[in-house]
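Notes to accompany the following structure.
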Number of protein chains: 2
Amino acid sequence: MFSEEDITTSFYNLLEGVMRLYKLLPDGRRQIVGFALSGDFLGMNISGRHNFSADAIGTVTVCQFAKAPFGRFIEGRPHLLRRINELAIRELSQARDHMVLLGRRSAEEKVATFLLGWRERLVSLKGSSDMVPLPMSRQDIADYLGLTIETVSRTFTKLERDGVIEIIHGGISLLDPARVEALAAA
Amino acid sequence: MFSEEDITTSFYNLLEGVMRLYKLLPDGRRQIVGFALSGDFLGMNISGRHNFSADAIGTVTVCQFAKAPFGRFIEGRPHLLRRINELAIRELSQARDHMVLLGRRSAEEKVATFLLGWRERLVSLKGSSDMVPLPMSRQDIADYLGLTIETVSRTFTKLERDGVIEIIHGGISLLDPARVEALAAA
DNA sequence: CGAATCGTTGAAAGCAGTCAACTAGGGTGG
DNA sequence: CCACCCTAGTTGACTGCTTTCAACGATTCG
């Protein structure tokens, strides 16, 4: 879709589908900084470059805004700028929460927290459910949580053995949501 | 200074000194999400609560703005709002960089990256120097890098044994900045 | 049906964490 | 002025969680 070095000439509004947002180290290590869902804005950078790369997981529909005219459009509408600002603040808050997860949580806590967080995000789109679809790969989840693919897999299996979740093709079913929350430890 | 739950009734501009910005898990684990230096803004949340706690490292001088009047003041000044927005975007970018560090870097890379980053931030305030003052404690550094105090200490001594840095009281001297950069691996 | 990709599982290694002892300053009170 | 204490930092020994390496299983697609 676009990568970190690209000059931002456009914003995007994700209308449908899922995207991964990530950064790469020179040696190829990847950290996924977030997943984008329907309704999310990408590339709010008014000027300059993107600070992350993004690509689609499956098929996506995006609405592209050329930056320049959008900038002019926004000029006379401070409430809109304010809205954008609040969006940035919210993302910043999420980013900080994720820092706590990456720096201070165990593998099991990471996975449990991820499942709950992902489910929560889907609530507003598809309604609440104990069935949590996971369109992204294990590698994506690992790179999001700062783990390896094997640890993610093992943790899922452990949670399943403990009767907390059930591994479904394409997702996870929360058999005991309360216990998942307990494992997430806030 | 203020904590995560506080309703934000004020912004702050840090005029002098250093502050740590952090989040706590219920069990007391701490993740420092950033350090604030002279000139930095705190609590850009237009409305709602702070999403992190903050307190001073040593003595600080801050300029406090009441939120409400400041909000009115900003009303007719879209360029200022825009400025605030760019600040938020920059912080977001830094937050994402730090995610990469927390999720994908080794202890040595973390420490080296931290030293370089901290030095870089001090450049604009005190000018460039190979002597990097560290006003924060080892515990603060550990909580910033997602490590333990012991690992931070051991990593410093390893770097010193390797002749890359020298541990000074109250800071670190970069004996071989190029090698530190190599260890930071980007 | 075979190839390729993704995910799971096992065994072993290693990096960072834990526990604990020790050292070095810095401040305080006798 | 010195003895004491208290905190911050260092170091060592050991543990253990996560990674690494490797093989295996499952699903998809040509």
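Just the residues that are under 15 Å from A:Tyr144 (Cα atoms) and open to solvent by 30 Å² or more (accessible area, probe 1.4 Å), please, taken from the range A:83-106.
A:Gln94, A:Asp97, A:Arg104, A:Ser106
Considering the range B:13-56, and only residues there that are part of a strand (DSSP E or B) and facing another protein chain (nearest Cβ under 8 Å), the residue that is least open to solvent (accessible area, probe 1.4 Å) turns out to be B:Gln31.
Checked against (1) touching a residue at least 12 places away in the same chain (Cβ under 8 Å); (2) of a type in the set (Asp, Glu); (3) over 30 Å from A:Pro78 (Cβ atoms), B:Asp40 meets all criteria but (3). Taken as a whole, the structure places A:Glu86 among residues that are in a helix (DSSP H, G or I) and within 14 Å of chain B (Cβ to nearest Cβ). Name the residues in the range A:123-145 that are within 14 Å of chain B (Cβ to nearest Cβ), among the aliphatic types (A, V, I, L, M) and surrounded by fewer than 16 Cβ atoms within 10 Å (Cβ to Cβ), would you? None - no residue of the range A:123-145 is within 14 Å of chain B (Cβ to nearest Cβ), among the aliphatic types (A, V, I, L, M) and surrounded by fewer than 16 Cβ atoms within 10 Å (Cβ to Cβ), so the list stays empty.
Against the condition more than 8 Å from every other protein chain (Cβ to nearest Cβ) and either under 18 Å from the mean Cα position of the chain (by Cα) or among the polar types (S, T, N, Q) (or both), how does B:Glu120 come out, does it pass?
In short, yes.
Quick check on the range A:57-75. Is at least one of its residues farther than 29 Å from B:Gly28 by Cα, among the aliphatic types (A, V, I, L, M) and within 16 Å of the chain's Cα centre (by Cα)? Looking for residues that are farther than 29 Å from B:Gly28 by Cα, among the aliphatic types (A, V, I, L, M) and within 16 Å of the chain's Cα centre (by Cα), one finds at least one in the range A:57-75, hence yes.
A single member of B:Arg104, B:Arg96 is touching a Lys or Arg at 6+ places or on another chain (Cβ under 7 Å), within 14 Å of another protein chain (Cβ to nearest Cβ) and within 14 Å of DNA strand D (Cβ to nearest atom), and it is B:Arg104.
Across the range A:107-117, the qualifying residues are those that are closer than 14 Å to A:Tyr144 by Cβ and touching a Ser or Thr at 6+ places or on another chain (Cβ under 6 Å), and the one among them that is farthest from the other protein chains (Cβ to nearest Cβ) is A:Val111. Pairs meeting the criteria (first residue in the range B:113-142 and under 23 Å from B:Met99 (Cβ atoms), second residue open to solvent by 80 Å² or more (accessible area, probe 1.4 Å), beta carbons under 7 Å, at least 6 apart or on different chains) are B:Leu116/B:Glu181.
The values are calculated or read from the model by the stated rules, or taken from the named source; none is laboratory data. These numbers were taken from a predicted model, which means no experiment stands behind them. Methodologically, a virtual Cβ is constructed for each residue, glycine included, from the backbone with ideal geometry; neighbour enumeration extends over all protein chains shown. SASA here: full protein model, heavy atoms, side chains in, ligands and nucleic acids out. Shrake-Rupley method; radii C 1.70, N 1.55, O 1.52, S 1.80 Å.
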